[in-house]
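Please treat every number below as a calculation from the coordinates, not as lab data. Everything quoted here is computed from the prediction, not taken from an experiment. Cβ coordinates were reconstructed from backbone atoms using ideal geometry, including for glycine residues, and neighbour counts include every protein chain displayed.
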């Protein structure tokens, strides 16, 4: 029930503020005996710097992960895995004299907790997603036959990949930012994973994606387009997107997440470091969250259905 | 962690198959001392028959709710509330000789459980939503200052309300069905409800809506439209839809859910009773789920922040 | 997290007041395909009337269980199982004019909830345990190779079985009541069930037993006697009682629960129906709770360790 | 549901192996705005070295705690608190050539996970309790009006405090060890905390104490002695031990936990460092677990009952 955890059986709790000493994640419920090394996790953290890397934030965080517990001689032991990433490049002074940033979570935090850690958005920072990516790397070990690939399908309102570079350059030059839609295709999920009512696979995936900052919409299969189809189209597996009644059908699962443009644009005078399109960093985070949901659902399915 | 429950502190578990003896819901964690009568709940169940009632399924289920526990002399006692609705109009014979219905969850259930209850979709039936609406009626008692209103904003691909009657008639005559988009506007939620990372208000709402059968997409605020905006637009509260960083801002919360068209159309030869647009029945279910999430979040907020 | 539920994967929520219309239990997470009939459950409910039946409460409740959901043609479907027992012999008038009963939970309920259902102890009544016994009957289906046997090993302070009849007769004639110690021996639990830290098998069993009203102490293996032993005795498996480090060893598991004497004795003028030794009814409830913990732990073990 | 977590709203997850790089705990759900410093926590960690310090293990671990997240300028922020204690004195080589130790959890771990971390008992080590004591220090901040005091009331089978020094010296000289009973008295818990059925205060306390390694029995109030009393004695608050029907009465709460003697005695040839009476270290751990349960129950009560 804890509010900073996600998952039921493969459960993780991220901890840490973007400009505190470190961030990380504790994973509880990972099966024992899986091959796990810091190198495996590092690989995914490094992939957070996406292909269009010229357009991502200049923050040069090495994001070196360290396994503090739960593995022995390169294998998981079945006990909690704590992964830590030290914040070597923390520059809290950049933020302390900032007022609430329009569209940012600062005011909401203050309303909730009465006060807040003013350093770089605290928990609401995109930096917390590094911990999710690290956890996602472990989740992938639990579902070795599942392939998860996320990529932008729309940037700055354009589905034309050829336009994207120009749109991003324009946005940066204008001190602005643009949104993006990330599509994630998952293959190799066997029919039967999921649950019929409240642990529905699609509901869990929706929560997982919507829990990423800047995401304002989630679709499965035909998504909002489904509202424009007719009953006859239902026989088309593309409408279902790999899930019916909350349970995987065995077909590829297709999820899309809409990322709004960054709140803190240079035009607003914030000195911290930010991206012209946070959605570009969104793809590996979506992948990680999907991996985490699927690892959890695999264990749930195995528990109930053997 | 149970897979048929929803909520953390205000938690409900629906039970029952659409064509078994009864369906219902157990609510755990409801505060004591709230005025509760069967009449209050019945009111919301009756509202499930929406305004465009000519277009809803002819199943004449009275849906009489009975409070089996958790109330005494018209007040909640703080103990589990079990609400039961008997299935007086169950006609399982309509279904038993049916093969898997295209686009329906039948095959997924079989893949998961090895066999399935063939009567009317079992748990996957829209009938299970009556139990959610009953639970939602109790949830509303916990949040008396919150107003929740859901209504269709698109039917059969048209945002023109004047077109809807015609589109529905056409669909029924053609033995087909159409999709819908339901928008839910929530006012009166104080700034501060929600949580920063995984119990985010928007993530919970997304899961709640996506857990309704036939829903394939969920949006908060500008939703997928946000992916087409620029950073400057972020100052517009309409983009946030009442939630930033997972926490309510105090502004109205706006959620949209996309319902696909009914799977089981008359053209496919199914003898059971179905709607030409399940989305029309979706509005009260969306309201109920939103009420349930908010009741839960109110208690969570009170627990942590006093 | 719900406060009236127990278990993680095999999870049950009891509902109902002792003198309301019905009591019951919803079980979520039961594996599909298990043979389940009302007769199977009834068998265990009838066993609640223990061998020393002359000494149990004269309340002639038939305790007829009805399966409202989760089974189809004699097999579990994997969906929530709701079991209902109607309170045909409810006599609330016996209680309504009663003040708080010394040693009873009445005052504690009022302190918590502000008011209470005065009928027969409400949720605190021993009647709630019928729902646990019904749930336990389902749990046994999940662990068919496990044998669970509980019996009194001490009544009224005497370990001499030959004394028990006399002590019980004396207590009843004096309008008093006596305590008991129930011992439960479990065989057939494979080595490996359990968990190292907080879902320890012994911790779960302790919580399960202590959650039974009137239980004031729980022991595993040598229990309090272990505090009087020396390190050398540790090699004796009897000290461990079948559990080390929270995990089953494969040896028989031995649990003891201490039941205090009934609070509401005739001498205090309560007109409701009560037992001279609630501990006698305790044995089947201990068995049921142990079955529920083990079913849950089996599924947890299968989830994590395959 | 995670198996290495404890608590519902004030929830903690310990992580780390006794001879890995570090151990620690993540606390989720702590209210914001509480004064918290490393010094506060250190105080309780230092108290783990009990009064009879001559008799505790010679391991000279400084147990320096570091707050990695969840606090800002000396106050909790409401976000997850990660506390880390580095294992500066780890000597894994002492253990690697050891076979299973009789009465120890080694074999159970292997049965569960297929293999195990052989270093010093891994998670089953008493060292994990340092993380609990650190978490308990934070829990105490949530319940400032509650006083929790635990102390031995029996060592080596003797309730005579004057005997204890001699019994401990004898045990050490003989290369043996002795058990202990720890009693914890809690004052200042208001009537009403707790819950009637499965989140009963006594059930949670029993699970909390039984989750400490070496504990084989738990009692509340009169405990096993209650089984020897008569109904008339029920009016005596001492029998209840401050809890009736799972809910606090407002009277002092009295809990006793029975610790078995250490498994790994010098006579068995283990080169690692161990205590002649682990129960002596048990008192601060019992206090911490009790604080954690009460902090959680306070938040649960506030959530449901305002």
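At R0 = 25 Å, how high is the FRET efficiency between residue A:47 and residue A:173 if r is their beta carbon distance? Nearest 0.05 is fine. The value I calculate is 0.35. Take residue D:175, push a point 7 Å out from Cα through the beta-carbon direction, and compare it with the same point in every other copy: 6.4, 7.9, 8.9 nm, smallest first. For peptide A:236-248, the mean count of partner chain Cβ atoms within 10 Å of a residue's Cβ comes to 5.
Region C:148-214 and region D:145-164 have Cα centres lying 26 Å from one another. Take residue C:144, move 7 Å from Cα toward the beta carbon, and the resulting point lies 3.2, 5.4, 5.9 nm from the same point in each other copy, nearest first. Note on B:290-301: average number of Cβ atoms from other chains within 10 Å of each residue's Cβ is 2. Each copy carries residue A:46; placing its label point 7 Å along the C-beta direction from Cα gives inter-copy distances of 4.5, 6.7, 7.0 nm, listed from smallest up. With the highest mean first, a sort of the peptides D:178-186, A:6-14 on other beta-carbon atoms found within 10 angstrom per residue produces A:6-14, D:178-186. Sorted fewest first by neighbouring Cβ atoms within 10 angstrom, A:109, D:113 come out as D:113, A:109. Peptide A:184-191 shows a mean partner chain C-beta count of 1 within 10 Å per residue C-beta. The order of the peptides A:40-48, C:28-36, A:282-290 by mean Cβ neighbours within 10 Å, most packed first, is A:282-290, C:28-36, A:40-48. Taking packing as the residue-averaged number of other Cβ atoms within 10 angstrom, the listed peptides A:239-251, A:137-149 run from highest to lowest as A:239-251, A:137-149.
Counting Cα-Cα pairs of region C:131-234 in 10 Å increments starting at 0 gives whole-percent bin shares of 11, 32, 35, 17, 4. With a simple spin-label model that places each label point 7 Å from the Cα along the Cα-to-Cβ direction, the separation between residue D:235 and residue C:38 comes to 4.6 nm.
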